[in-house]
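A.B. asks: Have a look at the structure that comes next, please.
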Amino acid sequence: MNRKQRRAAQETGGAANTALAAAGDLFQRAVAHQERGELDDAARLYKRVLGVVPTHGGTHNNLAQVRLTQGRRGDASEHFAQAIDAAPELLDDLGPIIAVLLKVVPALSTAVGRVEAAWPRRPALHEIFDCGLDALAGDPLLHTVLTSTTLRHLPLERVFTAMRAGLLSDVSAEPGNTTTYVRALDLIGALARQCFINEYVFSETDAETADANALTATIEQRLQNREPVHAAQLLTAAMYRPLYALASIDAIVDKPWPKAVRDVLTQQVIEPRRERELRTTVPRVTAIDDAVSLRVQQQYEENPYPRWVRAGAPPPPATIETYLQQRFPGAPIRPLNVEAAPAILIAGCGTGRSAIEFAQHFPDAKLLAADLSGASLSYAKRKTPAALAPRIDFVQADILKLDTLDRRFDLINASGVLHHMADPFAAWRLLTGLLRPSGVMYIGLYSELARRDIVAARQFIAERGFAATPSGIREAREALAASPFRSVTHSGDFYGTSDCRDLLFHVQEQRMAIPQIKDFLDREGLAFLGFDLPPPIAAGVRERFTAARWPLTDLDRWHELEQMQPDLFITMYQFWVQKR
Ligand SMILES: C[S@@+](CC[C@H](N)C(=O)[O-])C[C@H]1O[C@@H](n2cnc3c(N)ncnc32)[C@H](O)[C@@H]1O
């Protein structure tokens, strides 16, 4: 860059910075207006902020709240959807989003009551919605939720299960009548995408199964005869079976379809095809012959976990050390002694979300992401942004044999993995051996206490003999939702086929308690740095520890606390340790 170019860049940057500072000021003033209930003024200023920073998530969120209070539901929905686009991690806590959705689309709220009252009967579409699908079609927030995440909400799942049955019955009765479809094509496409995301976890009556099979056979026949297939038929079939399962689907993928159909074809044909291609590019770097590893591998080949759709917005770049210092102020963190680029191992990377997030967070790092499951690894590779791909090596390997690679790491992530091995502590010891001195580890392990309801549900499943197959999982979910073990419906993993198998049907699962973890850390020379808890829970716990003058690294106190709050580690014990 020459001097003239540099000056021009500085001037542009300077102007941009001034505009951003002004936008920050406008935002603060808008917030003050909103707090005083001066909603028109707040909205006017928020819109000016968006004129400068159109994708500012906080502004979209606040403006959406303002519009909701003003009763402008369409606008509110649009801005909530854009807030999610700016910060997809909002989808990780779906409860508040669903609460808003039910307000911006009141017909959904009414539908929840009607479907619940009729369940397990699937009411017809006109019984569920007074004005047909018009009240839902075109709603931006509903579209975002259906296409961006698993719908983790039982009452809404049932509404959409009934809606799907209604659509199938219409199309089966009158394949030529596509009026409903023309007006609600986007909504129906979004529902088909939701069904693929959750891997067809919605329960299916025998009549639906027969109709869906007949519809699929009709489409297959028409494709083979080179006869046209209606968008209505295609999208309805896609709500029940993945389109890639149609042998002749490739013939119509590139036709000029409406966007809703193109999006479904991309999701259900083009992306799975890409994963199949990528599978051949993942090297196997260790043998996989341990009996437990082989059983676990088979589960995750059939059901890669987790089925994530959108990663969160990239976190601000950091070094591992500064990240930990900010995360655990006061913890005894030692300098890491990283030589050049930090080496990170994601042991049991599954479908790649944490490998991608760690690569974004630590921009100097090189990552090795290893897993038993080729299907999970190809999912991970497909989801990896091109800019990160050169820094992440995805490999198929057994953790038990990673010592044969003769590599050492500054950070090892093994979250949700060790408890699926025959001897979690032996595997953890092996990984500790791969850490450089002062290297850190992020570990996630199941808590025996927190999983007591899951254990009971697993017992219920075993006694009733539900199989770990898609139909067995669907049946078990229905039975569980009507059983004393209904609390399992509160787990997000209940809402997708692979995720539910991971939660309730795992071929190998062990659980621990804090004293066992503490013993291991003491024996292996690992220092405990801190637990990773959801922010609101972490704040409450921190207050409690501070008031009692307990150090946050005192695992005996954490154990006491868990006895008092048995659901504290409902997701897992997730924590950081450092090699002494
Ligand atoms: C519950 S998933 C967790 C995935 C990922 N860590 C996450 O948190 O999203 C467990 C993963 O560990 C992998 N895994 C289990 N045992 C393994 C082993 N012995 N070697 C390598 N990977 C293993 C499985 O294949 C599976 O993908």
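The values are calculated or read from the model by the stated rules, or taken from the named source; none is laboratory data. Since the structure is predicted, the reported quantities are computational estimates derived from the model, not experimental observations. Here Cβ is always computed from backbone atoms with ideal geometry, including for glycine, and neighbour counts include all displayed protein chains. Just so you know, the surface numbers come from the protein's heavy atoms only, side chains and all, with ligands and any DNA or RNA stripped out. Shrake-Rupley method; radii C 1.70, N 1.55, O 1.52, S 1.80 Å.
A.B. asks: Going by what's in this entry, would A232 be described as small (G, A, S), open to solvent by less than 10 Å² (accessible area, probe 1.4 Å) and in contact with a Ser or Thr (Cβ under 7 Å, 6 or more places away or on another chain)?
C.D. replies: yes
A.B. asks: Hey, can you tell me all the residues within the range 149-159 that are closer than 18 Å to T497 by Cβ and in a helix (DSSP H, G or I)?
C.D. replies: Of everything in the range 149-159, those that are closer than 18 Å to T497 by Cβ and in a helix (DSSP H, G or I) turn out to be L154, L156, E157, R158.
A.B. asks: Right, another one. Just give me the residues in the range 196-242 being within 18 Å of T161 (Cα to Cα), touching a residue at least 40 places away in the same chain (Cβ under 8 Å) and of a type in the set (A, V, I, L, M, F, W, C), in sequence order.
C.D. replies: F196, I197, V201, F202, A212, L215, A232, L235, A238, M239
This table checks each residue for (1) of a type in the set (G, A, S); (2) free of Cβ contacts under 8 Å to residues at least 12 places away in the same chain; (3) in the same structural domain as T150 (by TED's automatic domain parsing).
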{"position": "A260", "(1), (2), (3)": "yes, no, yes"}
{"position": "Q267", "(1), (2), (3)": "no, no, yes"}
{"position": "P315", "(1), (2), (3)": "no, no, no"}
{"position": "R327", "(1), (2), (3)": "no, no, no"}
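A.B. asks: Being within 16 Å of the ligand (Cβ to nearest atom) and either among the small types (G, A, S) or in a loop (DSSP other than H, G, I, E, B) (or both): is that true of G350 here?
C.D. replies: yes
A.B. asks: Shifting gears a bit: Residues in the range 114-144 that are over 29 Å from D263 (Cα atoms), among the small types (G, A, S) and either touching a helix residue (DSSP H, G or I) at 6+ places or on another chain (Cβ under 7 Å) or part of a loop (DSSP other than H, G, I, E, B) (or both): how many?
C.D. replies: Residues in the range 114-144 being over 29 Å from D263 (Cα atoms), among the small types (G, A, S) and either touching a helix residue (DSSP H, G or I) at 6+ places or on another chain (Cβ under 7 Å) or part of a loop (DSSP other than H, G, I, E, B) (or both): 0 in total.
A.B. asks: If we scan the range 356-379, do we find a residue that is over 25 Å from T281 (Cα atoms), open to solvent by 20 Å² or more (accessible area, probe 1.4 Å) and within 16 Å of the ligand (Cβ to nearest atom)?
C.D. replies: Yes, the range 356-379 has at least one match.
A.B. asks: Where the second residue is open to solvent by 40 Å² or more (accessible area, probe 1.4 Å) and the first is in a helix (DSSP H, G or I) and lies in the range 455-479, which pairs have Cβ atoms under 7 Å and are six or more apart or on separate chains?
C.D. replies: Listed pairs, sorted by first residue: A456/F485; A457/F485; F460/F485; G472/F466; E475/F466; A476/F466; A479/R464.
A.B. asks: Could you tell me which of the residues I270, I288 is of a type outside the set (D, E, K, R) and farther than 30 Å from V182 by Cα?
C.D. replies: Sole residue among the options that is of a type outside the set (D, E, K, R) and farther than 30 Å from V182 by Cα: I288.
A.B. asks: Which members of the range 306-334 meet the condition of being open to solvent by 60 Å² or more (accessible area, probe 1.4 Å) and not in a helix (DSSP H, G or I)?
C.D. replies: R310, P314, P316, P317, T319, P329, G330, P332, R334
A.B. asks: Then there's this: Of all residues in the range 500-537, how many are small (G, A, S) and exposed (fewer than 14 other Cβ atoms within 10 Å of the Cβ)?
C.D. replies: Residues meeting the conditions: 1.
A.B. asks: Looking at this structure, is L402 touching a residue at least 24 places away in the same chain (Cβ under 8 Å) and either in contact with an Asp or Glu (Cβ under 9 Å, 6 or more places away or on another chain) or more than 10 Å from the ligand (Cβ to nearest atom) (or both)?
C.D. replies: Answer is no for this residue.
A.B. asks: Could you tell me whether the range 292-303 includes any residue that is outside any helix (DSSP H, G or I), without any contact (Cβ under 8 Å) to a residue 24 or more places away in the chain and at negative phi?
C.D. replies: No, the range 292-303 contains no residue that is outside any helix (DSSP H, G or I), without any contact (Cβ under 8 Å) to a residue 24 or more places away in the chain and at negative phi.
A.B. asks: Let me ask you something else. Look at the range 293-308 and say how many of its residues are over 15 Å from Y379 (Cα atoms) and more than 8 Å from the ligand (Cβ to nearest atom).
C.D. replies: 3
A quick yes/no check of all residues on (1) within 16 Å of the ligand (Cβ to nearest atom); (2) assigned by TED's automatic domain parsing to the domain that holds T351; (3) in contact (Cβ under 8 Å) with a residue 60 or more places away in the chain:
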{"residue": "D398", "(1), (2), (3)": "yes, yes, yes"}
{"residue": "R407", "(1), (2), (3)": "yes, yes, yes"}
{"residue": "L430", "(1), (2), (3)": "yes, yes, no"}
{"residue": "S438", "(1), (2), (3)": "no, yes, yes"}
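A.B. asks: Still on this structure, please answer the following. Can V182 be described as over 17 Å from V115 (Cβ atoms), open to solvent by 50 Å² or more (accessible area, probe 1.4 Å) and β-branched (V, I, T)?
C.D. replies: yes
A.B. asks: A follow-up question, please. Starting from residues that are free of Cβ contacts under 8 Å to residues at least 12 places away in the same chain and not basic (K, R), keep the ones in the range 107-121 and report whichever is most open to solvent (accessible area, probe 1.4 Å).
C.D. replies: Among them, the one singled out is A117.
A.B. asks: Turning to a different aspect of this structure: Does the range 311-332 contain at least one residue that is hydroxyl-bearing (S, T, Y) and within 16 Å of the ligand (Cβ to nearest atom)?
C.D. replies: Looking through the range 311-332, none of the residues is hydroxyl-bearing (S, T, Y) and within 16 Å of the ligand (Cβ to nearest atom).
A.B. asks: Further question on the same structure: Out of the residues in the range 409-428 meeting the condition of being open to solvent by less than 20 Å² (accessible area, probe 1.4 Å) and in a helix (DSSP H, G or I), tell me which one is nearest to the ligand (Cβ to nearest atom).
C.D. replies: H420
A.B. asks: Can I ask one more? Regarding the range 56-79, can at least one residue be identified that is modelled with pLDDT under 95, out of contact with any Gly (no Cβ under 8 Å at 6 or more places or on another chain), more than 23 Å from L156 (Cα to Cα) and not in a helix (DSSP H, G or I)?
C.D. replies: The answer is yes; a qualifying residue exists.
A.B. asks: To continue, here is another question. Looking at the range 543-552, can you tell me whether even one residue there is of a type in the set (S, T, N, Q) and either crowded, with 16+ Cβ neighbours inside 10 Å or assigned by TED's automatic domain parsing to the domain that holds F575 (or both)?
C.D. replies: Within the range 543-552, one or more residues are of a type in the set (S, T, N, Q) and either crowded, with 16+ Cβ neighbours inside 10 Å or assigned by TED's automatic domain parsing to the domain that holds F575 (or both).
A.B. asks: Identify, please: which residue in the range 211-258 is hydroxyl-bearing (S, T, Y) and part of a helix (DSSP H, G or I) and is, among those, nearest to R183 (Cα to Cα)?
C.D. replies: Checked the range 211-258; the qualifying residue nearest to R183 (Cα to Cα) is T236.
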